[in-house]
Amino acid sequence: EKIAKETPLVIISNKEKTTTVDAINQDNTVVGRLMARHLLDLGHTDVAFITPPLTRRQWQRSKRVEGFVREFEKEGKKDHVKAADESNDRKIPRMDSEYAMGYELTMELLQEGQKFTAIAGQNDMMAIGAIDALHEMRIHVPKDVSVIGCDNIFYSGIRRISLTTIDHFVALKGRDACDIIIRKIDMNDKFYLDERPASLYNIEYTPKLITRRTTGYARLDRNQSDEQKNK
């Protein structure tokens, strides 16, 4: 707030809305709810959510998980959140850090014998890591297990990956932040300090589901299939 009084400043934030500083905001609980709703609509009732460490320093990650879990709880369905160890946040990240976490957490879920028909990744790189782990264990995506990510990064749209994801328009947020700063600089040049009009920008994009080939209807086990036939 102190800096913003003297220098054009825009916060690109995953936190709550601010009314004192220009900001591009995002409600991460909405993103989590969108991910959950897509899987629920496809009949997935046993789902694993894999995520980087849910540390206090990176608490915005928890918002996405919170939205996801609440949507499942609202339907009375199960979900299983598996977070990477906190030590991961103390390491210098590599290019493949989040991919590796997605791969390793999925392998752990399989080794633990967890039952799930879908995996949701905190982000696209984790989801891509999960897909590779499933393929290595000869588990077909999406026939056996569906996978959804978040961020709609470039790699997600490659035909061979074709990852279902949530787009929350990262590039547009960056563009809007630059536009606001340029506008404020321009305003400072045109007006004296005591004549400058007061203005506050607060922009929020509505996240959008991008459906591709890694999600499909939940595969029923034999007992469920028999029950439906009897009905």
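The values are calculated or read from the model by the stated rules, or taken from the named source; none is laboratory data. Since the model is a prediction, treat every value here as computed from it, not as a measurement. Positions of Cβ are generated from backbone atoms using ideal geometry, with glycine treated the same way; all protein chains shown enter the neighbour counts. Keep in mind that these areas ignore ligands, DNA and RNA; they rest on the heavy atoms of the full protein, side chains included. Shrake-Rupley method; radii C 1.70, N 1.55, O 1.52, S 1.80 Å.
Counting heavy atoms of the protein chains alone, residue 70 has an accessible area of about 150 Å² for a 1.4 Å probe. Its DSSP H runs of at least 4 residues, each contributing -39,500 (n - 2.57), put the calculated 222 nm mean residue ellipticity of the chain at -12000 deg cm²/dmol, to the nearest 500. Each label point was placed 7 Å from the Cα along the Cα-to-Cβ direction; for residue 86 and residue 1 their separation is 3.0 nm. Computed over protein heavy atoms with a 1.4 Å probe, the carbon and sulfur contribution to the accessible area of the stretch 90-216 reaches 56%. By a 1.4 Å probe calculation restricted to protein chains, residue 178 has an accessible surface near 80 Å², given to the nearest 10. Between residue 210 and residue 115, the FRET efficiency from the beta-carbon distance, with R0 = 35 Å, is close to 0.80.
Mean separation of Cα pairs under 8 Å and 6 or more residues apart, divided by the residue count, gives the stretch 140-211 a relative contact order of 35 percent. The label point for residue 136 and the one for residue 11, both projected 7 Å from the Cα toward the Cβ, are 4.0 nm apart.
Across the options 216, 35, 149, the greatest Cα extent toward the positive end of the charge dipole of the chain (unit charges at beta carbon of Lys, Arg, Asp, Glu) belongs to 216. Computed with a 1.4 Å probe over protein heavy atoms only, the accessible surface of the chain comes to 61 Å² per residue.
Kirkwood-type hydrodynamic radius, the chain: 19.4 Å, calculated from all non-identical alpha-carbon pairs.
Using only alpha carbon pairs under 8 Å that are at least six residues apart, calculate the relative contact order of the chain and give it in whole percent. Reported relative contact order: 23 percent. Hey, got the dipole for the chain? About the Cα centre, +1 on K and R Cβ, -1 on D and E Cβ, debye to the nearest 20? Approximately 400 debye in magnitude. Do you know the relative contact order of the stretch 31-92, to the nearest whole percent, from alpha carbon pairs under 8 angstrom that are 6+ apart? Result for the stretch 31-92 is 49 percent.
Accessible surface ranking for 206, 20, 51, 45, 1.4 angstrom probe, highest first: 206, 20, 45, 51.
Could you check what % of the DSSP bridge pairs in the chain are antiparallel, to the nearest 5? Among the beta bridges of the chain, antiparallel pairing accounts for roughly 15 percent. Computed over protein heavy atoms with a 1.4 angstrom probe, the accessible surface ordering of 141, 31, 81, largest first, is 81, 141, 31. Positive end of the dipole of the stretch 84-146, charges at C-beta (+1 Lys, Arg; -1 Asp, Glu), about the Cα centre: which of 113, 135, 125 has its Cα farthest in that direction? Final value for the positive-end residue is 135.
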